[in-house]
1. Being within 13 Å of the ligand (Cβ to nearest atom), under 13 Å from Met16 (Cβ atoms) and touching a Ser or Thr at 6+ places or on another chain (Cβ under 6 Å) is the filter here, so list the residues in the stretch 53-74 that pass it.
2. Grab the helices (runs of 4 or more DSSP H) fully contained in the stretch 75-147, keeping just those with 3 or more residues being open to solvent by 60 Å² or more (accessible area, probe 1.4 Å).
3. Given the conditions (1) under 26 Å from Pro53 (Cα atoms); (2) open to solvent by 30 Å² or more (accessible area, probe 1.4 Å); (3) polar (S, T, N, Q), report the number of the one that Ser153 does not fulfil.
4. Keeping to the stretch 156-179, report how many residues are more than 20 Å from Ser68 (Cβ to Cβ) and open to solvent by 50 Å² or more (accessible area, probe 1.4 Å).
5. In the stretch 9-36, which residue that is near the ligand (Cβ under 7 Å from one of its atoms) and not in a helix (DSSP H, G or I) is least open to solvent (accessible area, probe 1.4 Å)?
6. Among the numbered criteria (1) assigned to a loop (DSSP other than H, G, I, E, B); (2) more than 16 Å from the ligand (Cβ to nearest atom); (3) out of contact with any Cys (no Cβ under 8 Å at 6 or more places or on another chain), which one does Arg48 miss?
Amino acid sequence: MKVGIIGGTGDIGKGMALRLSQNHEVIIGSRKEEKASLSCDACCQCLRELNLPFNLTASTNQGVVDDSDIVVFSVPSETLQITIDSLTGLEGKLVVSLMNPMERGDFFKYAPPEEGSAALQLQRMLPDSRVIAAFNNIPAKQWNQIAEILDYSVCVCGDDEEGKKVVMELVNSISELQALNAGPLAVSATVEAITPLVINIAKFNKMRDVGVYFR
Ligand SMILES: NC(=O)c1ccc[n+]([C@@H]2O[C@H](COP(=O)([O-])OP(=O)(O)OC[C@H]3O[C@@H](n4cnc5c(N)ncnc54)[C@H](OP(=O)(O)O)[C@@H]3O)[C@@H](O)[C@H]2O)c1
């Protein structure tokens, strides 16, 4: 499966590239191809040093859309409109949203757009794409510690059952992640809101590696 990451140079994008590229063809995307190449080189070096297999390349965000089966949106949600305006050809694509709109003050607060969630906003902006919400609650740090097992539960929401199945298979192909069908895309608001909760729990209890496990 060819997976492209829009904003793949960010904290979460790099971590996902490190994990996903061991089992899938992955493209790191960026507004600037040179920035994507630098990120890609760093990830390849890291994987090579650990003697891990990988299939990883770099491109622009548009290159990601052109060449991927699954397009992951890994940009800050407030940059969604400008990012979408810069892209063409997303019609019919399977699009994954892991975005969690949040306000930061003394504590983290879920701050959804008027559509109800970042994933629902993305679906409104891309009516002809199949948007699936997944990977919302895994911290970037854990993605990046590739010598360690990732064993979180991953809620997957979407209105396209076939697309949801494909994304659940993608989730289950990574380390010990466990995909759970959380229902339609409307549930994404609840899933996105878990992330500020997790961060607040970690902060106020001085806990590390807080994550979501459903057992
Ligand atoms: N960090 C986490 O632990 C975590 C966990 C779960 C979900 N998430 C979600 O994942 C998404 C990405 O998080 P992140 O921490 O990786 O974010 P980030 O590092 O701040 O940004 C990711 C990438 O987005 C692009 N970007 C930044 N500003 C932009 C702008 N104004 N216009 C267009 N593109 C811009 C940049 O790529 P280029 O400069 O290369 O174009 C950047 O590398 C967020 O929506 C967040 O809610 C994050």
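1. Kept after step one, since they are within 13 Å of the ligand (Cβ to nearest atom), are these residues of the stretch 53-74: 58-64, 72-74.
Filter again for under 13 Å from Met16 (Cβ atoms), leaving 64, 72-74.
Once the filter is applied, which keeps residues that are within 13 Å of the ligand (Cβ to nearest atom), under 13 Å from Met16 (Cβ atoms) and touching a Ser or Thr at 6+ places or on another chain (Cβ under 6 Å), the stretch 53-74 yields only Phe73.
2. Details: elements: 80-85, 118-125, 140-144.
Result: 80-85.
3. (2)
4. 5
5. Step one: of the stretch 9-36, the residues near the ligand (Cβ under 7 Å from one of its atoms) are 9-13, 30-32, 35-36.
Within this subset, residues satisfying the condition of being not in a helix (DSSP H, G or I) are 9-10, 30-32.
Details: Thr9: 23, Gly10: 26, Ser30: 8, Arg31: 209, Lys32: 128 Å².
Among those residues, the one meeting the criterion is Ser30.
6. Result: Arg48 fails condition (1) only.
A quick yes/no check of all residues on (1) over 17 Å from the mean Cα position of the chain (by Cα); (2) closer than 21 Å to Ala140 by Cα; (3) modelled with pLDDT of 95 or more; (4) open to solvent by less than 40 Å² (accessible area, probe 1.4 Å):
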site	(1), (2), (3), (4)
Ala42	yes, yes, yes, no
Leu47	yes, yes, yes, yes
Asn55	yes, yes, yes, no
Phe73	no, yes, yes, yes
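The values are calculated or read from the model by the stated rules, or taken from the named source; none is laboratory data. As the structure is a prediction and not an experimental result, all values here were calculated from the model. Positions of Cβ are generated from backbone atoms using ideal geometry, with glycine treated the same way; all protein chains shown enter the neighbour counts. Side chains included, ligands, DNA and RNA excluded: accessible areas come from the protein's heavy atoms. Shrake-Rupley method; radii C 1.70, N 1.55, O 1.52, S 1.80 Å.
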